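K.L.:
Please see the structure below; I have some questions.
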Amino acid sequence: MVRVMVVDDHPMWREGVSRDLAAAGYEVVATTGEGQQAVRIAAAARPDVVVLDLQLPDVSGVEVINGLRAELPGVRILMLSASGEQQDVLDAVKAGAAGYLLKSAGLPEFLDAVSRTAAGDTVFTPGLAGLVLGEFRRLAISPSGPESPKLTERETEVLRLVAKGLSYRQIAERLVLSHRTVQNHVQNTLGKLQLHNRVELTRYAIEQGLD
């Protein structure tokens, strides 16, 4: 069972999200309306996924992301925010959020986003993925130092689709490959780039302008 912590300063919203998650079979291990408290209790609660609001009364969502990742390096963070402002989205992704969903999303979209985040996917509200990719392309600095590891044409193709936020299943369908073959390509790419997970891989891809 996937363990989820909900961080949102609006009690009714926080409770509603928690009920929806519990009804869908998730284990809600903690809820809080304050960022600093979220970081404090995360080590004990040990969530797999944190559903995090960007705007909190005590500290910024970005500070919470940094604190959570320091306490639990493997935790996956899904932003659930009313703000679709470009800088808010970019700041959250650069800090290490695995995805960014607007609060206007419907329940099926939200539950799917939590499921995909738990599985290691990157998830964005439609339209935001393109914004992130475009901005990181403009900000990307040409690699310096040793030559970047050489990826095969297929690995590069899979990497582009990972950066777009597609799941393994969707990539397999798009490229007419098996699910296991896509996983193997991703694992090979992680090894070549000395990265640890799909979130790091996605950041690498968007920094390199792969879309």
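K.L.:
Candidates [x] 17.0, 52; [y] 16.0, 46; [z] 20.1, 77; which is the computed Rg and Dmax of the Cα atoms in Å?
P.N.:
[x]
K.L.:
Using 7 Å Cα-to-Cβ label points, what is the LEU190/HIS10 separation (nm, one decimal)?
P.N.:
3.6
K.L.:
Now for a different question. Just want to confirm a number: the relative contact order over the range 1-77, from Cα pairs under 8 angstrom separated by 6+ residues, in percent.
P.N.:
Rounded, it is 34 percent for the range 1-77.
K.L.:
Give me the Kirkwood hydrodynamic radius of the range 155-194, using the inverse of the mean 1/r over all pairs of distinct Cα atoms, in Å to one decimal.
P.N.:
Taking every pair of different Cα atoms in the range 155-194, averaging 1/r and inverting gives 9.9 Å.
K.L.:
For the chain, what does the relative contact order come out to in percent, with C-alpha contacts under 8 Å and a separation of six or more?
P.N.:
On the way: 340 pairs, mean separation 33.0, N = 211.
Rounded, it is 16 percent for the chain.
K.L.:
Suppose every K and R has +1 on its Cβ and every D and E has -1 on its Cβ; what is the size of the dipole of the chain about the Cα centre, in Debye to the nearest 20?
P.N.:
700
K.L.:
Taking every alpha carbon pair in the range 62-118, what does the distance histogram look like in 5 angstrom bins from 0, in percent?
P.N.:
P(r) over the range 62-118, rounded to whole percents: 4, 20, 28, 24, 17, 7, 0.
K.L.:
If you don't mind, another one. P(r) for the range 1-68, please, calculated from all Cα pair distances in 5 Å bins and given in %.
P.N.:
With 5 Å bins starting at 0, P(r) equals 4, 20, 31, 24, 16, 4, 0.
Rule-based calculations on the coordinates, nothing more; no lab input. What you see is a predicted model; the values in this text were computed from it and never measured. Please note: Cβ atoms are built from the backbone with ideal geometry, for glycine as well, and neighbour counts cover all protein chains shown.
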